[in-house]
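The next block holds one structure in the form of structure tokens; read it before the comments.
The numbers here are math on the coordinates, done by the rules we state, and not lab data. Source: prediction; values computed, not measured. Cβ atoms come from the backbone with ideal geometry, glycine included; neighbour counts cover every protein chain shown.
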Amino acid sequence: MSEPIPWLIESSIQIAWNYLERAGEIGNASEGSRFLLRTVDEMVRKGEHRKLMLANRAIEAYQRHRRVIAA
């Protein structure tokens, strides 16, 4: 049985956040949380429901986003 969608989104964001925080990659916390929420929410709407896939793709997207901002 799969998790309800809100729990799936929350869990995926928490995994991504924990990783990015430990890696020292979270800049502005408010901006980071909004970015992760938008990214995970969009993937869920497109049909992805694997928690670790959502988290990993959100991490990659956030890292790309931060590189673009830094350039």
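Values for this structure:
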| item | result |
| --- | --- |
| Tyr62 touching a residue at least 24 places away in the same chain (Cβ under 8 Å) and in contact with a Gly (Cβ under 9 Å, 6 or more places away or on another chain) | yes |
| Whichever residue in the range 4-16 is more than 22 Å from Ala70 (Cβ to Cβ) and either among the aliphatic types (A, V, I, L, M) or outside any helix (DSSP H, G or I) (or both) and, among such residues, is nearest to the chain's Cα centre (by Cα) | Ile13 |
| In the range 17-58, the residues that are aliphatic (A, V, I, L, M), in a helix (DSSP H, G or I) and either in contact with a strand residue (DSSP E or B) (Cβ under 8 Å, 6 or more places away or on another chain) or surrounded by fewer than 18 Cβ atoms within 10 Å (Cβ to Cβ) (or both) | Ala29, Leu37, Val44, Leu52, Met53 |
| Near pairs, Cβ below 7 angstrom, 6+ apart or cross-chain, from the range 15-29 (free of Cβ contacts under 8 Å to residues at least 60 places away in the same chain) to any residue that is in a loop (DSSP other than H, G, I, E, B) | Leu20/Ile26 |
